[in-house]
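Working notes for the structure below.
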């Protein structure tokens with residue numbers, strides 16, 4: 001499998017730092033504490049780098065583990081493997097996603113999390129694919145890309161290539 005670099009490591013790190021600043025700016029006059037929810041497994045590197053760059057906020061962590069992909073295509077079925085274990089009621093919630101493609105997984109997660117009545121709910125994604133109308137309003141977006149199957153920096157194909165320090169695509 002041939003992988004081409006789409007977003008190099010330096011560009012990734014720079015953009016994640018900028019996103020952290022944009023997020024801090026948004027919350028600046030609202031709160032000093034947010035509850036960041038990481039969608040596993042793909043978002044783990046993005047989540048980690050993002051929160052490490054938020055030096056002006058207290059950040060609570062929660063994790064959701066879901067999957068809907070097999071190989072390079074979505075199964076259309078969302079499997080929830082684990083859910084948040086702390087209350088987000090009346091909290092400032094930041095949902096951290098790696099990539100928004102069809103939006104089906106994200107729509108599912110957003111519906112459930114909003115039932116907990118957070119005070120404020122924002123979504124940050126590292127990658128927004130522009131090929132589908134995913135129907136989810138995204139508040140902070142790292143990069144917008146077309147129709148490529150991406151790997152690296154947490155993104156995988158059958159659990160491979162997550163540990164690449166850049167984002168590449170399968171030719």
Within the stretch 26-62, residues over 17 Å from residue 138 (Cα atoms) and assigned to a loop (DSSP other than H, G, I, E, B) come out as 28, 29, 30, 31, 32, 41, 42, 53, 54, 55, 56, 57
Reported set for the stretch 26-55 where residues are farther than 22 Å from residue 114 by Cβ and surrounded by fewer than 14 Cβ atoms within 10 Å (Cβ to Cβ) is 28, 29, 32, 52, 55
Pairing a residue in the stretch 105-130 that is at negative phi and assigned to a helix (DSSP H, G or I) with any residue that is exposed (fewer than 14 other Cβ atoms within 10 Å of the Cβ) and modelled with pLDDT of 95 or more, where Cβ atoms lie under 7 Å and the two sit 6 or more apart in sequence or on different chains, gives none
If we keep only residues of the stretch 131-145 that are surrounded by fewer than 17 Cβ atoms within 10 Å (Cβ to Cβ), free of Cβ contacts under 8 Å to residues at least 60 places away in the same chain and in a loop (DSSP other than H, G, I, E, B), then the residue nearest to the chain's Cα centre (by Cα) is 137
Problem - Any hit, the stretch 153-162, residues being outside any strand (DSSP E or B) and surrounded by fewer than 13 Cβ atoms within 10 Å (Cβ to Cβ) - result: yes
Conditions (1) in a loop (DSSP other than H, G, I, E, B); (2) crowded, with 19+ Cβ neighbours inside 10 Å; (3) touching a residue at least 40 places away in the same chain (Cβ under 8 Å) -> residue 148 fails only (2)
If you go through 65, 89, the only one that is within 30 Å of residue 1 (Cβ to Cβ) and either in contact (Cβ under 8 Å) with a residue 24 or more places away in the chain or assigned to a strand (DSSP E or B) (or both) is 65
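Every residue in the stretch 107-117 that is farther than 12 Å from residue 37 by Cα and touching a strand residue (DSSP E or B) at 6+ places or on another chain (Cβ under 8 Å), please. Don't jump to the end; show me each part of the working.
Keep residues of the stretch 107-117 that are farther than 12 Å from residue 37 by Cα, which gives 107-108, 111-112, 114-117.
Hits for the stretch 107-117 are 108, 114.
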Picked from the stretch 1-25 (must be touching a residue at least 60 places away in the same chain (Cβ under 8 Å) and in a helix (DSSP H, G or I)), the residue surrounded by the most Cβ atoms within 10 Å (Cβ to Cβ) is 23
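The values are calculated or read from the model by the stated rules, or taken from the named source; none is laboratory data. Note that this is a predicted model, so its numbers are computed, not measured. Cβ: placed from backbone, ideal geometry, glycine included. Neighbour counts: every protein chain shown.
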